[in-house]
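Written out below as structure tokens is the structure these notes cover.
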């Protein structure tokens, strides 16, 4: 039976991938050491999701392993080497702010950990498809140089600009800008994934996501925008908006839609591919708009305050142009819109963690 190795398997995208690939008949091996809890505290713990995953996918094999631990990773790869068909690398340190507090850990997790996985793939299962969960932050703050128009509740790119109505494509430069240290470590890994594809002829892809979201997200203050916002509404925890008048725009893609895109790539892989893949023109919102949606769905008043200083490297407007991926994989499309996604998140928080969830 074909084996899929998934890092970050108890997280949002990793757990979605476990269920999806198991449904496709693959044997799934997960690697996750709950480092998200170490980064962000108890509220970000993924243990609840891991237990749920084990119940839903009885055949799932889990390894509590740090992706910086190359020796232990190699034992896993050697054990399954003859059968590995897919590696989905979703493990990461995902926060701008946290990266600045500990650059060494951020870089070794994001960059060195990715190198470990790429090299083990090359050594033990070179024909496997390697999928890397990159980020739009590899473009740094270049998107903030776009001509933007300030509307009542959001910023929007100027109507005559080529990105209007479509979003930002893969031709945007990643050079000569401020990335945040997180953006740098992810860009280093992104380039390495491309290079292994081109230099060694391996099937690799970087999916540069916008805001990734869904009901399995352990949202926290520093990462997990919509899930954290909805939890704040449910628990009456105050939410802080950082800069740009709350009009900064994010596109949001449901975890299922992203993993579905991964499956289309697995069926027809390429070498060194790069795709911007987020919610696109149909699934984006400003922070102010997201607050309104959360209030409408939850029936609760969300308490928020405004902090004038924006986060370093934060985007004012990001919408992903997904046309390149759709052109290469025309049978893929979105199954979730923003409202259905937020409604799922609301019910998941109420059912799995409850409105009495205690914050650390």
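The values are calculated or read from the model by the stated rules, or taken from the named source; none is laboratory data. Quick caveat: nothing in here was measured; it's all calculated off a predicted structure. Counting neighbours? That spans all protein chains shown, and the Cβs are built from the backbone with ideal geometry, glycine included.
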The correct count of residues that are under 20 Å from the mean Cα position of the chain (by Cα) and either at pLDDT below 95 or not in a loop (DSSP other than H, G, I, E, B) (or both) in segment 117-140 is 13
Sort out which residues of segment 14-39 are over 14 Å from residue 66 (Cα atoms) and in contact with a strand residue (DSSP E or B) (Cβ under 6 Å, 6 or more places away or on another chain), and write them in order of number.
14, 17, 18, 21, 22, 26, 27, 28, 29
Output the residues belonging to segment 313-334 that are in contact with a strand residue (DSSP E or B) (Cβ under 7 Å, 6 or more places away or on another chain), under 19 Å from residue 254 (Cβ atoms) and assigned to a helix (DSSP H, G or I).
325
Residue in segment 92-108 that is within 23 Å of residue 26 (Cα to Cα) and either in contact (Cβ under 8 Å) with a residue 12 or more places away in the chain or in a helix (DSSP H, G or I) (or both) present:
no
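Every residue, every condition in (1) touching a helix residue (DSSP H, G or I) at 6+ places or on another chain (Cβ under 8 Å); (2) surrounded by fewer than 22 Cβ atoms within 10 Å (Cβ to Cβ); (3) over 24 Å from residue 174 (Cβ atoms), yes or no:
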site	(1), (2), (3)
212	yes, no, no
217	yes, no, yes
252	yes, no, no
258	yes, no, no
264	no, yes, yes
Can you confirm whether residue 205 is over 27 Å from residue 293 (Cα atoms), touching a residue at least 60 places away in the same chain (Cβ under 8 Å) and surrounded by 20 or more Cβ atoms within 10 Å (Cβ to Cβ)?
yes
Can you confirm whether segment 257-269 contains a residue that is outside any helix (DSSP H, G or I), in contact (Cβ under 8 Å) with a residue 40 or more places away in the chain and more than 21 Å from residue 303 (Cα to Cα)?
yes
Determine whether segment 127-144 contains at least one residue that is at positive phi and out of contact with any strand residue (DSSP E or B) (no Cβ under 8 Å at 6 or more places or on another chain).
yes
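Each row is one residue, and each column tells you yes or no for (1) surrounded by fewer than 19 Cβ atoms within 10 Å (Cβ to Cβ); (2) in contact (Cβ under 8 Å) with a residue 40 or more places away in the chain; (3) part of a loop (DSSP other than H, G, I, E, B).
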{"position": "18", "(1), (2), (3)": "no, yes, no"}
{"position": "36", "(1), (2), (3)": "no, yes, no"}
{"position": "49", "(1), (2), (3)": "no, yes, no"}
{"position": "58", "(1), (2), (3)": "yes, no, yes"}
{"position": "79", "(1), (2), (3)": "yes, no, no"}
{"position": "85", "(1), (2), (3)": "yes, yes, no"}
Flagged in segment 87-113 as touching a strand residue (DSSP E or B) at 6+ places or on another chain (Cβ under 6 Å) and surrounded by 24 or more Cβ atoms within 10 Å (Cβ to Cβ), in numbering order, are 87, 88, 89, 90, 91, 94
State which residue is nearest to residue 209 (Cα to Cα) when the search covers only segment 151-167 and only residues that are touching a residue at least 60 places away in the same chain (Cβ under 8 Å) and surrounded by 12 or more Cβ atoms within 10 Å (Cβ to Cβ).
167
Subset of segment 271-312, residues touching a strand residue (DSSP E or B) at 6+ places or on another chain (Cβ under 7 Å), surrounded by 14 or more Cβ atoms within 10 Å (Cβ to Cβ) and assigned to a loop (DSSP other than H, G, I, E, B), comes to 271, 272, 278, 279, 283, 302, 310, 311
Taking the conditions exactly as written (touching a helix residue (DSSP H, G or I) at 6+ places or on another chain (Cβ under 6 Å), in contact (Cβ under 8 Å) with a residue 12 or more places away in the chain and either in a loop (DSSP other than H, G, I, E, B) or within 26 Å of residue 193 (Cα to Cα) (or both)), does residue 22 satisfy them or not?
no
Need the failing condition index for residue 190 against (1) in a strand (DSSP E or B); (2) in contact with a helix residue (DSSP H, G or I) (Cβ under 7 Å, 6 or more places away or on another chain), just the number.
(1)
Is it the case, given these coordinates, that residue 11 is over 15 Å from residue 263 (Cβ atoms) and out of contact with any strand residue (DSSP E or B) (no Cβ under 9 Å at 6 or more places or on another chain)?
yes
Any residue at all in segment 213-231 that is at pLDDT below 95 and over 17 Å from the mean Cα position of the chain (by Cα)?
yes
Is it the case that residue 186 is touching a residue at least 40 places away in the same chain (Cβ under 8 Å), in contact with a strand residue (DSSP E or B) (Cβ under 9 Å, 6 or more places away or on another chain) and surrounded by 18 or more Cβ atoms within 10 Å (Cβ to Cβ)?
yes
Among the residues that make up segment 51-61, is at least one of them within 22 Å of residue 127 (Cβ to Cβ) and at pLDDT 95 or above?
yes
